[in-house]
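FYI, it's all coordinate maths here, none of it is from the lab. Everything quoted here is computed from the prediction, not taken from an experiment. Cβ sites come from the backbone with ideal geometry, for glycine too, and all protein chains shown count toward neighbours.
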Amino acid sequence: MNDSISPSDIYDKNLNFLFGAGASSGLLPTLALEMRTNAGKRWSLEDLAAHFENNSDPRLTPLFMHYYSSCIHPAQTFEIESVEGGERQKVIGNYRSFLETVLRILFRRKALERRCNLFTTNYDGCIPLVADEIIREGNIDFVLNDGARGFSRRYLQARNFNTYLCQTGIFERHQTSIPQINLIHLHGSVYWKKEGSSIVVDYLNGKSGTILNESVVEKLASFSECLGDKDATLTDLEAPELTKDEVDDFWALYKKLPIVNPTKWKFHETVFEEHYYQMLRMLSYELEKPNAVLVAFGFSFADEHILNLVKRSLSNPQLQVFICCYDVDEWDSLARQFRGYKNVRCISLKEENIDFSVFNEKVFTLDESLETNIIKSTSDFLESTSTFEGGV
């Protein structure tokens, strides 16, 4: 049974992508931890933060310091020109391959229908920076619409995602559209900054310095080391001795960051939170359209707002959702999560994990000769297991 994502089948649909932290894995850290639960499973930063918050555990503050130091700050200081190492450069190449595949699909469409939406929970700059490189080379003409407009200062507004760039001939005898990818940051971006009741987007000067001083970083070292130890458990995790001023100063600066809080999946700042819910409504609206397609990659559906939104949207009989699972364990978890939905296809490879390279080469590819022997769908798996009954 051929259950791969064939671009030839979806090129003329209302195409949407949902990317999570897995796309930048290898280049930027994810929320995964090595420390184990008593049952032997790995803690995720989301689960551990929620556990500490629910139990008023003082280790919540150093955990968020670790989160900032290991996940947020590397994204703030990321520069594509300084990427070194084969694995890290490979991730940049994967983003480029993906964008070029999407653009080839869009070029197949009718002149005024060449656009799609790329929703992402990542707050790094991989997509806009790679897109900028492609545009600068001048071989492919397209628009990456991040929702911001302006000149010396660019302001983010939801209505800007509805704009569309067209070209006409000198005498206006013909009209054609420029392929456009709408980039929607659902969890914020390190390039955002609050200015009154507005959000400014600045890719050149939007980065800020670290909010952790050297003294705090030194105190945090053993705590972070324990989180990365696969033989450690929660009882081994000792909170560093932080002063009240160090704790207060951290939270005062952390709450100004334009990113979602992983315990409640909400922003601290009202202006960011309002934009967050506008973008969720946009995702919902796009999935309600006729012939809508959603391709999810590197996304665990840990955000309950997004999970519930997608489930509600599945009442649209013309919506088709493809969920690319990294490995069998994730496939099993997500297949259970979407059990009973006929228009969801959880995809896994037979003999290898779906990282970004494999996604580009074997799952979402224009080379249809690769599609006949590599994918298993939810229905295939259900036929070979008795874990639970019912189809997806």
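When you restrict to C-alpha pairs under 8 Å that are six or more residues apart and normalise by the size of the chain, the relative contact order lands at 23 percent. Among the chymotrypsin sites (Phe, Trp or Tyr not before Pro) in the stretch 10-85, none is located in a DSSP loop while being surrounded by at most 14 other Cβ atoms within 10 Å of its own Cβ. Here is the list for the stretch 1-107: GluC sites (Glu not before Pro) lying in DSSP coil, each with at most 16 other C-beta atoms within 10 angstrom of its C-beta, are Glu79, Glu84. The modelled label-to-label distance for the pair Ala158/Glu84, using points 7 Å beyond Cα in the direction of Cβ, is 4.4 nm.
Exactly which GluC sites (Glu not before Pro) in the stretch 158-220 are in a DSSP loop and have at most 11 other Cβ atoms within 10 Å? When the GluC sites (Glu not before Pro) of the stretch 158-220 are filtered for loop state and at most 11 Cβ neighbours within 10 Å, Glu172 remain.
Legend: calculated FRET efficiency, Glu172 to Leu309, from the Cβ-Cβ distance at R0 = 35 Å, rounded to 0.05, equals 0.25.
Can you check what the net charge comes to around Asp236, using other residues whose Cβ is under 13 Å from the Cβ of Asp236 (Lys, Arg +1; Asp, Glu -1)? With Lys, Arg at +1 and Asp, Glu at -1, the neighbours total -2. Label reach from Asn54 (point 7 Å along Cα→C-beta): in the stretch 287-314, amide nitrogens under 19 Å belong to 301-308. Full extension of the chain between Ser222 and Ser357 yields a length gain of 45.2 nm, computed as 0.36 nm times the residue separation minus the alpha carbon distance.
Annotation: the residues Lys350, Lys266, sorted from fewest to most other C-beta atoms within 10 Å of their own C-beta, follow the order Lys350, Lys266. Across the stretch 30-173, Cα pairs under 8 Å and at least six residues apart give a relative contact order of 13 percent. Taking a ≥ b ≥ c as the square roots of the Cα gyration tensor eigenvalues, with a/c under 1.5 meaning rounded and otherwise prolate when a/b beats b/c, else oblate, which class fits the chain? Oblate is the answer for the chain, as a/c is 1.5 or above yet b/c matches or exceeds a/b.
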